[in-house]
1. Can you give the translational diffusion coefficient of region 17-231 in µm²/s, computed by Stokes-Einstein from the Kirkwood radius over Cα pairs at 25 °C and 0.890 mPa s?
2. So, by mean Cβ neighbours within 10 angstrom, what's the order for 83-92, 160-169, 115-124 with the highest one leading?
3. Can you list the lysines whose alpha carbon is less than 21 Å from that of Lys256, not counting same-chain residues fewer than 8 positions off?
4. What residue among Gln210, Phe33, Pro192 has its Cα farthest toward the positive end of the dipole of region 17-231, where the charges are +1 on Lys, Arg and -1 on Asp, Glu, each on the Cβ?
5. Please tell me which of these pairs span more than 25 angstrom C-alpha to C-alpha: Lys56/Lys89; Lys56/Lys144; Lys110/Lys197?
6. Just from its helices, what would the mean residue ellipticity at 222 nm be for the chain, if runs of 4 or more DSSP H residues each count -39500 (n - 2.57) and the sum is divided by every residue, rounded to the nearest 500 deg cm²/dmol?
7. Quickly work out the Ala245-to-Ser131 label distance, labels modelled 7 Å from Cα along the C-beta direction, and quote it in nm with one decimal.
8. Using a probe radius of 1.4 Å on heavy atoms only, what accessible surface per residue do you get for region 15-78? Whole Å² is fine.
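The values are calculated or read from the model by the stated rules, or taken from the named source; none is laboratory data. Everything numeric in this text was worked out from a predicted model, so none of it was measured. Cβ sites come from the backbone with ideal geometry, for glycine too, and all protein chains shown count toward neighbours. Just so you know, the surface numbers come from the protein's heavy atoms only, side chains and all, with ligands and any DNA or RNA stripped out. Shrake-Rupley method; radii C 1.70, N 1.55, O 1.52, S 1.80 Å.
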Amino acid sequence: MTNITTKRISKQCNFYYRKGDLMPYEEDLKHEFKRHTSMAVEDLPPWTQEYGSRTKRSISRSINAFLNSELGGTVYLGVSDAGVINGLKLSLFQKDHLRVNLDNLMRRYKPPVSPERYQIHFVPVVPSDASEADAIRIFSKVQKEELSSDERRWQNGHLCQTYENCWCIPERQSLYDSTPFQDYVAEIELKPWDPEKMKWNYVTPNVNIQPFYSNEEGNVFIRTLASNVLCDDQEIVKRTRRKVAQFYNLRINSIKEQIKQLES
Ligand SMILES: [Zn+2]
């Protein structure tokens, strides 16, 4: 006899998730789940990369693929491949650590990614049996924590581009602090290219189309359904041509329209 329990599906909700719930979507064109926080390739411990059997892939690959897609996308840290919300235990300093590491990674892309294209949100994960009132209390508590002026936030920098432990990891931090850490889903949101607000002028100054970013390894990924595919130079050229053609076709059509109005 098998005992099958139906997992509850978490409502798409802006300010908290419930532990053990399922995400309201699966991994697809716009959503990717990760259980770890290794942002860049250097953050992956070598023992997960050796002997040709990679057991871990950096978050950077997914970030890169979403930046290069027209829809953008979100990487959710603290969610299993199957979409189960486990959350990550993060202190205030570890949240800062992830922010610093994301900014550092975005500066290493070519071209560098401007801050308006990405954002990291820390959404608290509340216990499965928490009441609505408890959830709101937890939410307000973490909001308040974000405003903390604890001077360790400004004095201690965070290690980037290494798998070595930063001062902010729990074992080390507990030397100073013994408060239990809140669970979070860290959502890294990559916004779609907006030609009205975003600009880059290296190759096509007159045509403000979305650039193809290469990541810290010099690779360009694109997002297809639920995976990140390495893109070669030929493919990038083909896609860029298509975007430039789209750009000029829009312009040609609008000029044709203007001519038609002048003639009538
Ligand atoms: Zn740190």
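1. Values: Rh = 18.5 Å.
Once the numbers are plugged in, D ends up at 133 µm²/s.
2. Values: 83-92: 19.4, 160-169: 14.8, 115-124: 16.3.
Those peptides, ordered most packed to least, come out 83-92, 115-124, 160-169.
3. Hits, sequence-local ones excluded: Lys243.
4. Gln210
5. Over 25 Å apart, Cα to Cα: Lys56/Lys144.
6. Working: 6 runs with 80 residues, N = 264.
Value at 222 nm, helices only: -9500 deg cm²/dmol.
7. A separation of 6.2 nm, rounded to one decimal place.
8. On the way: 2720 Å² over 64 residues.
It amounts to 43 Å² per residue over region 15-78.
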